[in-house]
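Here the structure is laid out as structure tokens; the discussion comes afterwards.
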There are 2 protein chains.
Amino acid sequence: MENFDFYNPVNILFGKGKIAELNKYVPKNAKVLMTYGGGSIKKNGVYDQVMSALEGYDIKEFSGIEANPHFETLMKAVEIVRSEKIDFLLAVGGGSVVDGTKFIAAATFFEGDEWDIMAKRAPITKAVDLGAVLTLSATGSEMNNGGVVTKAATKEKKAFGNPLLFPKFSVLDPEVTYSLPKRQVSNGIVDAFIHVMEQYLTYPVNSPVQDRFAEGLLLTLIEEGPKAIAAETPDYENRANLMWAATMALNGLIGMGVKSDWATHMIGHELTAFHGLDHGVTLAIVLPGLLTKLKEKRGEKLLQYAERVWNITEGSDDEKKTLAIQKTEEFFQSVGIATRLSDYNVGQDSIDIISKRFIERGYVGMLPDVEVTDVAEILEARL
Amino acid sequence: MENFDFYNPVNILFGKGKIAELNKYVPKNAKVLMTYGGGSIKKNGVYDQVMSALEGYDIKEFSGIEANPHFETLMKAVEIVRSEKIDFLLAVGGGSVVDGTKFIAAATFFEGDEWDIMAKRAPITKAVDLGAVLTLSATGSEMNNGGVVTKAATKEKKAFGNPLLFPKFSVLDPEVTYSLPKRQVSNGIVDAFIHVMEQYLTYPVNSPVQDRFAEGLLLTLIEEGPKAIAAETPDYENRANLMWAATMALNGLIGMGVKSDWATHMIGHELTAFHGLDHGVTLAIVLPGLLTKLKEKRGEKLLQYAERVWNITEGSDDEKKTLAIQKTEEFFQSVGIATRLSDYNVGQDSIDIISKRFIERGYVGMLPDVEVTDVAEILEARL
């Protein structure tokens, strides 16, 4: 395996009733800004649980952080943090709220054009402390230091990250996911699955621990995902296992010392930026096309995946790889995600625009095996 | 799964050449005490690498920390830390040196009888900062906050732990393990294996992520362990995979939300305290006896272990469980560890003393299924 540094100081508070412990972790004298989304937390009781746990605290609120959070929206929160001298941010929501709150934390002390935090990966030297109460398990943002922000004006969706942006703590209570619409549960399962694949399905580097951890997460998502979608009433253990798998999928651990990719995410981000498709949906569309394109180059890892994750032991190597890709796509469909561009009315004209954008940018993921000229072919296979 | 809190802020610097980065992590103005064992680090070049990386630092040394570090020895270091106003401890060694250095860190500011840190689990409210350069992968001490110390005078071996005792960083360079005697490599493999078993082979709580991570570590140790012992010259990837598996075996992660035991360790500690047997050896002796005694009570997890780790799919349930225990013992033997008390000239008289000690203490591990009256039977089966 390759050399690596691993550091992840997030304090995870996992389980039912854990929101009640918030007052052990939010500093007593902090001026808190609680950030959230469209208000579902007021309907499902999470807002009340948080307020009850933090009785006596000085708390302001910022709501309206949308899915794929907008730079423009978040900058309004930055103004509040600056003017009100907020010194603790509490994100209550899913990955978009946590990502957006990390951006707020970084932008508050940033001098210059705050979009440069993404566009130029400008250095972050100071950030407001933050914590999170997770309401949707998917992105892993609750246990990492990165995020993704979209500039609505230019339809650009870009990532950022810094060790200063690890949440001090994240509360993961599986019960708060009970009221989620099935669509969000589906998206979360697919998102977590592809987070693992971006770090696992690349090239062998003799990393049996990382490989088996990744395979363990994939197997868990394959077992537990369809159960969550089929259940008439949510099951605690099922939701708990999905939640922990999604967190472990992107807290850095399985990516240590191995070759990571993220090309599926980069292409998916463009589909979201142009068409507003859900993040998980874009990944489910792109991945089968990407794996098919890379069937030879990533053949060794694809065969390992076929055998260990899908238990495919018969047929030629090519048949095994093809079947593994097919089963992957069927899994996305089994949790309720349509996997073709045509399912979302996205056509060749969009592919042309997105392809051009990658050609101008000059790169796709972190590995050279996906070239900018491959993007059109990968997407055309998904029409 | 059960509720849990997970927090592990240790910065892991993994790979060849990583010792050279020490000066990024040891505070520049610190008064450093470097702690080590019998001096093997002066023969294998690690001492020189550390000194070279920390050129210009104010470094004192404390050597002579023995295997199963003695309270009496460590208290001499505590006196130095106090009198010299040391403010950073750098442990350079295996689990005994790291454990011992954690005790020094805790004892320095402790008021009262420092043995109470173990004997009464007396609260630790302040500790000296510490970091580690690992030279033997086995105990996982490099990425957790606990340790075990032995009082030579009374032959007591006891554990302690506190979040203040997480190393700030640990350097894991697989190359530094090349010069280890085979006996220490063998012990390390068995120690890591049984750390996993203590957290895995108990009772099912519907924790597929934790179970598969544990199984992934066991499979890795089973694959890589015998290779390390058979190799005429050490192989980097082999040693790297063993090192990472041992660290992940006891950094808290696989124990989250599940039922842990530690009875094998508790019984093993007594064998070390009375007879000076290597820690790994004691575990390899005790575990097969413990699993045989618990074949019914822990049957469900034993069957999962038989199938997923040893690929045992045929025979009656009892046959599968028996074969899994047999294969476990054969694995210990395959890495060069004799697994019977008689191999070490330990007889019934010692069993009587140890059994009596547990009956006086009133408990064995953390689960009620191993009773104090079972200890004699477990050990007698291992004569």
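The set of residues from the range A:325-342 being in a helix (DSSP H, G or I) and closer than 15 Å to A:Ile229 by Cβ comprises A:Glu330, A:Phe331, A:Phe332, A:Gln333, A:Ser334.
Of all the listed residues (B:Gly225, B:Gly188), the sole one being surrounded by 23 or more Cβ atoms within 10 Å (Cβ to Cβ), part of a helix (DSSP H, G or I) and within 14 Å of another protein chain (Cβ to nearest Cβ) is B:Gly225. Taking the criterion of being more than 8 Å from chain A (Cβ to nearest Cβ), in a loop (DSSP other than H, G, I, E, B) and not hydrophobic (A, V, I, L, M, F, W, C), the residues of the range B:5-31 that qualify are B:Tyr25, B:Pro27, B:Lys28, B:Asn29. Within the span defined as the range B:122-130, every residue fails to be over 17 Å from B:Tyr25 (Cβ atoms), in contact with a strand residue (DSSP E or B) (Cβ under 6 Å, 6 or more places away or on another chain) and either hydrophobic (A, V, I, L, M, F, W, C) or touching a residue at least 40 places away in the same chain (Cβ under 8 Å) (or both). Do we find a residue being part of a strand (DSSP E or B), outside the structural domain of B:Asn251 (by TED's automatic domain parsing) and in contact with a Phe, Trp or Tyr (Cβ under 8 Å, 6 or more places away or on another chain) anywhere in the range B:37-50? The answer is no; no qualifying residue exists.
Total residues in the range A:232-253 satisfying the condition of being without any contact (Cβ under 8 Å) to a residue 60 or more places away in the chain, among the polar types (S, T, N, Q) and within 28 Å of B:Ala245 (Cα to Cα): the figure is 2. Scanning the range B:60-94 for residues that are modelled with pLDDT under 95 and assigned to a helix (DSSP H, G or I) yields a total of 0. For the range A:237-281, taking the residues that are closer than 24 Å to A:Ala381 by Cβ and not in a helix (DSSP H, G or I), the one that is modelled with the lowest pLDDT is identified as A:Gly276.
Within the range A:129-142, identify whether any single residue is assigned to a helix (DSSP H, G or I) and touching a helix residue (DSSP H, G or I) at 6+ places or on another chain (Cβ under 9 Å), and answer yes or no. Yes - at least one qualifying residue is present in the range A:129-142.
For the range A:191-206, the set of residues classified as buried (at least 24 other Cβ atoms within 10 Å of the Cβ) and either in contact with a strand residue (DSSP E or B) (Cβ under 8 Å, 6 or more places away or on another chain) or facing chain B (nearest Cβ under 8 Å) (or both) is empty.
Return the residues of the range B:228-240 that are more than 9 Å from chain A (Cβ to nearest Cβ) and acidic (Asp, Glu); say none if nothing qualifies. Of everything in the range B:228-240, those that are more than 9 Å from chain A (Cβ to nearest Cβ) and acidic (Asp, Glu) turn out to be B:Glu232, B:Asp235. Of the residues making up the range B:158-165, one or more are of a type in the set (D, E, K, R) and modelled with pLDDT under 95. Taking the criterion of being of a type in the set (Ser, Thr, Tyr) and either surrounded by fewer than 21 Cβ atoms within 10 Å (Cβ to Cβ) or farther than 15 Å from A:Phe332 by Cα (or both), the residues of the range A:257-296 that qualify are A:Ser260, A:Thr272, A:Thr292. If you go through the range B:325-373 and pick out every residue that is of a type in the set (D, E, K, R) and either under 24 Å from the mean Cα position of the chain (by Cα) or under 18 Å from B:Gly280 (Cβ atoms) (or both), you end up with 9. Residues that are among the hydrophobic types (A, V, I, L, M, F, W, C), within 7 Å of chain A (Cβ to nearest Cβ) and in contact with a Phe, Trp or Tyr (Cβ under 7 Å, 6 or more places away or on another chain) occur at least once in the range B:208-222.
Of the residues making up the range B:257-278, one or more are within 14 Å of chain A (Cβ to nearest Cβ) and over 21 Å from B:Gly94 (Cα atoms).
Filtering the range A:282-317 to residues that are free of Cβ contacts under 8 Å to residues at least 40 places away in the same chain and more than 23 Å from A:Leu379 (Cβ to Cβ) leaves A:Leu303, A:Ala306, A:Glu307, A:Trp310, A:Asn311, A:Ile312, A:Thr313, A:Glu314, A:Gly315, A:Ser316, A:Asp317. Taken over the range B:358-383, the criterion of being in contact (Cβ under 8 Å) with a residue 24 or more places away in the chain, in contact with a Lys or Arg (Cβ under 9 Å, 6 or more places away or on another chain) and not in a helix (DSSP H, G or I) is satisfied by B:Met366, B:Leu367, B:Asp369, B:Val370, B:Ala381, B:Arg382, B:Leu383. For A:Met243, the conditions (1) within 8 Å of another protein chain (Cβ to nearest Cβ); (2) in contact with a Pro (Cβ under 7 Å, 6 or more places away or on another chain) all hold with the exception of (1).
For the range B:338-357, the set of residues classified as closer than 26 Å to B:Gln199 by Cβ and free of Cβ contacts under 8 Å to residues at least 40 places away in the same chain consists of B:Ser355 only. Applying the set (1) surrounded by fewer than 24 Cβ atoms within 10 Å (Cβ to Cβ); (2) over 14 Å from the mean Cα position of the chain (by Cα) to B:Gly161 leaves exactly one unmet item: (2).
Would you confirm, using the coordinates I've provided, whether B:Asp191 is touching a residue at least 60 places away in the same chain (Cβ under 8 Å) and among the acidic types (Asp, Glu)? Taking the combined requirement at face value, the residue satisfies it. With respect to being surrounded by 24 or more Cβ atoms within 10 Å (Cβ to Cβ) and either closer than 29 Å to B:Ser40 by Cα or touching a residue at least 24 places away in the same chain (Cβ under 8 Å) (or both), B:Leu180 falls outside the description. Checked against the criterion of being touching a Pro at 6+ places or on another chain (Cβ under 8 Å) and either farther than 30 Å from B:Glu223 by Cβ or in the same structural domain as B:Ile285 (by TED's automatic domain parsing) (or both), the range B:366-373 contains not a single residue that satisfies it. So which of B:Arg308, B:Arg239, B:Arg298 is under 16 Å from B:Met366 (Cα atoms) and basic (Lys, Arg)? The unique qualifying residue is B:Arg298. Residues that are more than 14 Å from chain B (Cβ to nearest Cβ), touching a residue at least 40 places away in the same chain (Cβ under 8 Å), more than 24 Å from the chain's Cα centre (by Cα) and crowded, with 19+ Cβ neighbours inside 10 Å: does the range A:56-67 have at least one? Looking through the range A:56-67, none of the residues is more than 14 Å from chain B (Cβ to nearest Cβ), touching a residue at least 40 places away in the same chain (Cβ under 8 Å), more than 24 Å from the chain's Cα centre (by Cα) and crowded, with 19+ Cβ neighbours inside 10 Å.
The values are calculated or read from the model by the stated rules, or taken from the named source; none is laboratory data. Just so it is clear, the model here is predicted, and its values are computed rather than measured. In this analysis, Cβ positions are derived from the backbone assuming ideal geometry, glycine residues included, and neighbour counts consider all displayed protein chains.
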